[in-house]
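The values are calculated or read from the model by the stated rules, or taken from the named source; none is laboratory data. This is a predicted model, so every value here is computed, not measured. Neighbour counts run over all protein chains shown; Cβ positions are idealised from the backbone, glycine included. Only protein heavy atoms, including side chains, enter the accessible area calculation; ligands, DNA and RNA are left aside. Shrake-Rupley method; radii C 1.70, N 1.55, O 1.52, S 1.80 Å.
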Amino acid sequence: MIGQCLCNEVRFKVSGQLPNFYQCHCSLCRKVTGSSANAGTIVNKESFEWLNGQENVSSFIKKTGYRVDFCKSCGSPVPNP
Ligand SMILES: [Zn+2]
Ligand SMILES: [Zn+2]
């Protein structure tokens, strides 16, 4: 699967079969998406690679460890470790 942000600056690839996705409805995920839930999944590090734009990724990390990575240009959420 190839993923990309809204402005196409950040692109990444996940190899192999994707695991099931989950939705988190916590208050942080509702705020960060402006929606009722955040959709996510977890893949092995070996299955993931950046194709371009990794230097255009910024992180917001709360003291609790909650983390959101996003494209600096368009604000789209992107994968994080
Ligand atoms: Zn972007
Ligand atoms: Zn959440």
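A few notes on this one:
- For segment 3-27, the candidate set comprises residues that are open to solvent by less than 70 Å² (accessible area, probe 1.4 Å) and within 16 Å of ligand 1 (Cβ to nearest atom); within that set, the residue that is nearest to S58 (Cα to Cα) is V10.
- Residues of segment 62-77 satisfying the condition of being in a strand (DSSP E or B) and open to solvent by 100 Å² or more (accessible area, probe 1.4 Å): P77
- Long-range neighbours under 8 Å by Cβ, at least six apart or interchain, first residue within 15 Å of V68 (Cβ to Cβ) within segment 31-48, second aromatic (F, W, Y) and open to solvent by 70 Å² or more (accessible area, probe 1.4 Å): A39/F21; A39/Y22; G40/F21; G40/Y22
- Look at segment 3-27: where a residue is among the aliphatic types (A, V, I, L, M) and a partner is part of a loop (DSSP other than H, G, I, E, B) and within 16 Å of ligand 2 (Cβ to nearest atom), sitting 6+ places away or on another chain with Cβ atoms under 8 Å, you get L18/T41.
- Residues of segment 28-61 satisfying the condition of being surrounded by fewer than 12 Cβ atoms within 10 Å (Cβ to Cβ) and touching a helix residue (DSSP H, G or I) at 6+ places or on another chain (Cβ under 9 Å): S36, F60
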